[in-house]
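Data block below; observations after.
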Protein chains: 2
Amino acid sequence: MDQRHASALKAAGMKATPKRLAILEMLEAEPGYASPEELWKRLKDRFDRLGLPTVYRNLEELSASGVLSKVIHPNRQLYYYFCSNREHHHHFVCLSCRKVEDIPACGIEALEQEVSKRNGGKVLSHILQLNGLCGGCADNGEKQ
Amino acid sequence: MDQRHASALKAAGMKATPKRLAILEMLEAEPGYASPEELWKRLKDRFDRLGLPTVYRNLEELSASGVLSKVIHPNRQLYYYFCSNREHHHHFVCLSCRKVEDIPACGIEALEQEVSKRNGGKVLSHILQLNGLCGGCADNGEKQ
DNA sequence: ATCCTAAAACGAAATCATTTCTATTTAGAG
DNA sequence: CTCTAAATAGAAATGATTTCGTTTTAGGAT
């Protein structure tokens, strides 16, 4: 099983280690974004030994390879999200329940080009994220 | 002098203390974004006593009031930028020389509304920032 | 199947930017 | 000029994240 994940790892030029696969599994099952420590706590029972630094390292590498996406959180801690959408797009993240919804790519690419043209600079990356409360949390009193 | 800054502080409901004014002055003179510690090092000679926590606190408060803007940096440290543009807009930041250029507001507001409508959520804030190399740094070998 | 090597993981310790806390000082309204 | 809430000092704590030297392992080569 997890052939999908193993393939994704291979495609990213990364070894398909059991820990990496477990991280991907766990994060895929997660309804929203999660922190390295949370994932570690849930995963460490599955392994004789699993270091927190390993989780940090892998999440960072997986995110750099585009297998995972990173959430920009107001508290500046690290959170990751499993997103199978391979198209260029962005996210709406709920600050209450942590759910993540896809936002179709908007006109940023055009904006990038315009900025490049106008000021002669070179845009290397961009950040676009909407923060708020999802439907459920907006209705209820944003319980946590 | 700095009547502008004093007024801005008053408008934000903040006392116009000498240290706040100095922080605004220094940051306005800065060509790009700066870190709390950098500002502190440059400012502490002007005062008998000036604590680093004071600089942190003030930058955060000033940013929350909209008098300053915060830069989202890949290294996740805090950087601030004095931006006199009171219109809603975003920034292109040079990761090499730290220069910041304004980007006119693009269609994010429309996107926000669409997301709200479609998923019933409530967008509380958004982040949009382009990262890259400005004209000068793209030409030269991005010297630092 | 076994070897071999670069990649991955360990985990204790370090880092270090940022925040907290309590006492002291000060801006500015009245 | 007083008074009080707001602001500051500064030492100490925090705690998420990273480093480092060692050990283990995935997976291509034999």
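Okay, here's what the table says:
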quantity	calculated
Helix axis angle, A:52-64 relative to chain A longest principal axis, alpha carbon, degrees	40 degrees
Most to least accessible of B:L43, A:L124 (protein chains only, probe 1.4 Å)	A:L124, B:L43
7 Å along Cα→Cβ, label-point gaps from B:G120 to other copies, nm, shortest first	5.3
Rg/Rh for region B:85-144, where both radii come from Cα atoms and Rh is the Kirkwood radius	1.16
Relative contact order (percent, whole number), region A:69-144, Cα cutoff 8 Å, 6+ residue spacing	31 percent
Accessible surface of region B:85-144 [probe 1.4 Å, protein heavy atoms]: carbon and sulfur percent	48 percent
Tilt relative to chain A, helix A:108-119 - C-alpha long axis, 0 to 90 degrees, to 10	50 degrees
Cα-Cα P(r), the protein assembly as shown, percent of pairs per 10 Å interval	6, 23, 29, 27, 13, 3, 0
Complex-versus-alone comparison for region B:125-141, residues with a loss of 10 Å² or more in accessible area, probe 1.4 Å	B:S125, B:H126, B:I127, B:L128, B:Q129, B:L130, B:N131, B:G132, B:L133, B:G135, B:A138
Interface area, B with A, accessible, probe 1.4 Å, both sides summed, Å² nearest 100	2700 Å²
Rg ratio (alpha-carbon, reference 2.2 N^0.38 Å) - chain A	1.17
Percent carbon-and-sulfur accessible area, region A:1-84, ignoring ligands, DNA and RNA, probe 1.4 Å	51 percent
Mean separation of Cα contacts under 8 Å, 6 or more apart, over the residue count of chain B: relative contact order %	19 percent
Percent of C-alpha pairs per 5 Å bin, region B:1-84, short to long	3, 15, 30, 26, 19, 6, 1, 0
Shielding score for B:93-106, defined as the mean number of other chain Cβ atoms within 10 Å	2
Degrees separating the helix B:18-29 axis from the principal Cα axis of chain B, which is the longest one	60 degrees
1.4 Å probe accessible area per residue over chain B, in Å²	53 Å²
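The values are calculated or read from the model by the stated rules, or taken from the named source; none is laboratory data. All figures in this text were calculated on a predicted structure; none of them were measured in a lab. Positions of Cβ are generated from backbone atoms using ideal geometry, with glycine treated the same way; all protein chains shown enter the neighbour counts. Please note that ligands, DNA and RNA were not included when accessible areas were found on the heavy atoms of the full protein model with its side chains. Shrake-Rupley method; radii C 1.70, N 1.55, O 1.52, S 1.80 Å.
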